Amino acid sequence: MTEVEAKKPQESLQDRLAQVVELLHRHRLVEDLAHRQEGQHQERVENLVHRQNLVELQRKLEVLHPADVAHILEALPLDDRLTVWQLVKSERDGDILLEVSDAVRETLIADMDDHEILAAAKDLDADELADLAAELPRDVVHELMETLDAQQRERVRSALSYEEDQVGALMDFEMVTIREDVSLEVVLRYLRRLKELPGHTDKLFVVDYDGVLKGVLPIKRLLVNDPEKQVAEVMASDPVTFHPDEDAYEAAQAFERYDLVSTPVVDKSGKLIGRLTIDEMVDLIREESESEVLSMAGLREEEDIFASVWKSLRNRWAWLAVNLVTAFVASRVIGLFDGSIEKLVALAALMPIVAGIGGNSGNQTITMIVRAMALDQIGTGNSTRLLRKEAGVGLLNGLIWGGVIGLMVYWLYDSWSLGLVMTAAMTLNLLLAALMGVLIPMTLARLGRDPALGSSVMITAMTDSGGFFIFLGLATVFLL
């Protein structure tokens, strides 16, 4: 795929967003003009203008995929978002609610009454209902459960019984099962009677009369083999399977590793209870990546970019407070060397370089370590070796780039001794950054915390305070 082709879907989506924004702007502009008109026809003009613009906007929304509508809703301020949301047909509400981010979903559900929520959720599958249930009012969930048949009700309860990071919370209950003692021709006739297959069906699940999984029949094998053959002859008897209480992120890694589209979920006795599909795994990987980025910046949760000031403040204040404390500590470190800075003013100009490079190097190390931990590449057997390797990288980077900055300092200030101090301080601070970049996420993980949580804030604090102390300490000892 060329770069131009790759950009087309995104540009198309942005164009649609721009069209929606333009229609909303035009609607409000004409509405304001209509309000200024006086006379007996004012109300009629207002109604006509109102319908004309909103009907055109509704027409554009109808042709969009639910995911595209979700993107547009996320990109609009709250007032415009609710205006657009009210124009969406009720039968599409449920699909769109599943696509929007948690923060935006909260604002949309808050704008709906109980009747609208029930109408939006009535056509959703059991696994989709379970996704929404945690954010719906409790009385609405209870009423919704009463409208389901016994099988659907049991499936929803089953999905809700698992933690959100477990396979059971993400599994799909819609799947096609067959017996191993029938011919492929019988299977083909059975599929034709279904008329429609569940999404992401790349294989059929072979079970016995007790529902125990015996294997899987990939669709490609079904199509290319002799119709007279038995299912047992062509099925794969050792498929990748998961248990509902397994970690969902490990399952997502298996999907990536084995190029899976769907795979069965079985209980401890081997009975087929559901399946995992690639769309859920892609969503999970994206959410995990976004959560990791937010955690490294010290944000506690995903934030609606158009959320209220107070809500955004609650999400951001904690690590800003930590950062303020660490910045105060760094300032006190500098204060210890006031006399040295007064005698050699060049120190004030040079010390941010040492701290800044150390912070960048530490963030590089932390990013690599957090990624490796997410991929389960770090264990007790290789952590010490990894620590030595990162220390070696920090030492070499310090000597190389410290030497470069040392030569520049000599050229600027005509002082070999100041250049050597700069080189030594850079090397020591990069060593500190490497060690902290490994130890901070590992320590957080051992304490049962997210290894990415606030790690960039902590490493910056360590390299700032450490860099100032190392550089000003060496300068005081060897220069003054």
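The values are calculated or read from the model by the stated rules, or taken from the named source; none is laboratory data. Owing to the predicted nature of the structure, the values given are computational and were not obtained by experimental measurement. Because the Cβ atoms are built from the backbone with ideal geometry, glycine has one as well, and the counts that use them run over all protein chains shown. Surface areas here come from the heavy atoms of the whole protein model, side chains and all, with no ligands, DNA or RNA. Shrake-Rupley method; radii C 1.70, N 1.55, O 1.52, S 1.80 Å.
So the values come out like this:
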quantity	calculated
Gyration tensor verdict on region 365-445 (Cα atoms; rounded if a/c is under 1.5, prolate if a/b is larger than b/c, oblate otherwise)	prolate
Convex hull volume per residue in cubic angstrom - Cα atoms of the chain	241 Å³
Inter-label distance for Ala150 and Met368, nm, one decimal - labels placed 7 Å from Cα along Cα-to-Cβ	6.0 nm
Rg(Cα) / (2.2 N^0.38 Å) computed for region 174-248, rounded to two decimals	1.11
Calculated [θ] (222 nm, deg cm²/dmol) that DSSP helices of n ≥ 4 give over the chain, each run adding -39,500 (n - 2.57)	-23000 deg cm²/dmol
Accessible heavy-atom area order of Val354, Val322, highest first, probe of 1.4 Å	Val322, Val354
Region 302-380: C-alpha gyration tensor shape, a/c 1.5 cut-off, then a/b vs b/c	oblate
Loop sites in region 111-192: trypsin sites (Lys or Arg not before Pro), DSSP, at most 16 other Cβ within 10 Å	Lys122, Arg179
Alpha-carbon centroid distance for the pair region 69-117 / region 150-223, whole angstrom	32 Å
Average accessible surface area per residue within the chain, 1.4 Å rolling probe, Å²	56 Å²
Kirkwood Rh in Å, taken over all unlike Cα pairs in region 129-188	13.7 Å
Solvent exposure ordering (accessible area, 1.4 Å, most first) of Ser455, Ser158, Ser331	Ser331, Ser158, Ser455
Mean Cβ count within 10 Å, highest first, over the residues of peptides 210-220, 461-471	461-471, 210-220
Set of region 69-88 residues, backbone N closer than 16 Å to the point 7 Å along the Cα-Cβ line of Arg28	73-86
Nearest-10 value in Å² for the accessible area of Glu256, using the 1.4 Å probe	130 Å²
Accessible area, probe 1.4 Å, largest first, for residues His65, His200	His65, His200
Portion, in percent, of the accessible area of region 425-480 that falls on carbon or sulfur, probe 1.4 Å	72 percent
Carbon and sulfur %, accessible surface of region 134-293 computed with the full protein complex present, 1.4 Å	47 percent
Over region 78-222, relative contact order from alpha-carbon pairs under 8 Å, at least 6 apart, %	15 percent
Over 20 Å [Cα-Cα, region 49-163], rounded percent	42 percent
Simple label model, 7 Å out from Cα along Cβ direction - Val322 to Thr443, nm	1.1 nm
Glu228 accessible area, 1.4 Å probe, all protein chains in place, Å² to nearest 10	130 Å²
Principal-axis tilt of helix 416-446 within the chain, Cα atoms, nearest 10 degrees	30 degrees
Added length on full extension, which subtracts the Cα-Cα distance from 0.36 nm per residue, Asp226 to Ser269	12.2 nm
Theoretical gain in end-to-end length, Asp15 to Asp114 [0.36 nm per residue, Cα-Cα removed]	32.2 nm
Given Lys195/Lys229; Lys214/Lys271; Lys89/Lys311, the pairs whose alpha carbons are separated by over 18 Å	Lys195/Lys229; Lys89/Lys311
Reference-scaled alpha-carbon Rg (2.2 N^0.38 Å with N residues) for region 172-330	1.53
Principal-axis tilt of helix 3-36 within the chain, Cα atoms, nearest 10 degrees	80 degrees
Paramagnetic reach from Thr241 (point 7 Å along Cα→Cβ, amide N under 12 Å) across region 248-268	264-268
Relative counts (whole %) of C-alpha pair distances in region 310-434, using bins that are 5 Å wide	2, 10, 14, 16, 16, 15, 12, 8, 5, 2, 0
